[in-house]
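The values are calculated or read from the model by the stated rules, or taken from the named source; none is laboratory data. Predicted model, so just to flag it, every value in this text is computed and none were measured. Cβ placement follows ideal geometry from the backbone for every residue including glycine, while neighbour counts extend to all protein chains displayed. When the accessible area is computed, the model is the full protein with side chains, heavy atoms only, and any ligands, DNA or RNA have been set aside. Shrake-Rupley method; radii C 1.70, N 1.55, O 1.52, S 1.80 Å.
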Amino acid sequence: MTEPATLPTVRSWLPAGELHQRGTVLLFPGRGEHGGVYERLGRRLSADAYAVHAADSTPGDDLDTLARLVDEVAATSAGPIVLAGSDTGALQALAVAAARSRPPDGVIIAGLAAFGTTPQSSWTDELEARTACPTHRQRLTDDIRFVRGSLSAPPPPALLSAELPLDRISLPVLLLHGDADPVTPPATARSIAARLPAAELGIVRGGRHDVLNDLDHRSVAAHVVQWLERLRSGPDRGPAVVVEPLS
């Protein structure tokens, strides 16, 4: 009998001990990345009492293995369980959510990967495509675990978005995509959002491919927190703060 594959390790950021945990986010990174790349997001969400676990998963990981990881994290977590992913990790989050008999409470997908990716001819080109944030550019440049050039590799065929049963994903989904993403056109995110019954699409002005780690990462993280808060409150809950026009 074949032994089950080893689960990916995770990097975790947990709320401070005095905070009541409000929910859990399990994030799958994209091509070339590892869980530690999302430290900035993890620290920010954990400060708002959400536990964040970023997996050292890869685009080719078996979806059953990722589903086992979801089960393991869910068994020790409090509050809503949300899957998140960037690039190919976004497709993995959707695929796992669609396949599980007990789906998560929500999904966050950012910078969807697409087939037919234009190859990046140099490291400078890849950085330009990924992010305009100088801090994140330096982080990737200095990161010995980051795999340069991976953004030019096509996603695994198992993650072909056209084959994902998106119409079966009735749970809330937040899509985040940069309108200046040179890797995946925003039209791809709009097309996916149109196939999801309970989707919210957030377009980041000037955003590039790594939208969770781009120049406006603070605003993006704040929008994620607001969405998580609405998820906790139920499907009929609107924004807690409404800006009224002044007469």
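In table form, for the structure just shown:
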read-out: Fraction of accessible area attributable to carbon and sulfur, the stretch 159-216 (%, probe 1.4 Å); value: 51 percent
read-out: Gained length - L63 relative to R218, 0.36 nm times residue gap less alpha-carbon distance; value: 52.7 nm
read-out: Peptides ranked, highest mean first, by Cβ atoms within 10 Å: ranges 122-129, 43-50; value: 43-50, 122-129
read-out: The stretch 122-247, relative contact order in percent, only Cα pairs under 8 angstrom and at least six apart counted; value: 27 percent
read-out: Difference of contour (0.36 nm per residue) and Cα-Cα distance, A187 to A99; value: 29.2 nm
read-out: Rounded, prolate or oblate (a/c below 1.5 giving rounded, otherwise prolate when a/b exceeds b/c) for the stretch 128-231 by Cα gyration tensor; value: oblate
read-out: The stretch 26-96: equivalent-ellipsoid semi-axes (sqrt of 5 x gyration tensor eigenvalues, Cα, Å); value: 19, 15, 9
read-out: Shape call, the chain: gyration tensor on alpha carbons, a/c limit 1.5; value: rounded
read-out: For the stretch 175-247: relative contact order, % (alpha-carbon pairs under 8 angstrom, 6 or more apart); value: 28 percent
read-out: Placed amide H near L176: partners under 5 Å, 5+ positions off or other chain; value: I109, A110, G111, G202
read-out: Local electrostatic count at G30 - Lys and Arg +1, Asp and Glu -1, tallied over other residues with Cβ under 11 Å; value: -1
read-out: Per residue Cα convex hull volume in Å³ - calculated over the stretch 84-131; value: 64 Å³
read-out: Taking the stretch 52-206 and dividing mean pair separation by its residue count, relative contact order in percent (alpha carbons under 8 Å, at least six apart); value: 23 percent
read-out: Distance between modelled label sites at R145 and T6, nm, 7 Å Cα→Cβ extension; value: 1.4 nm
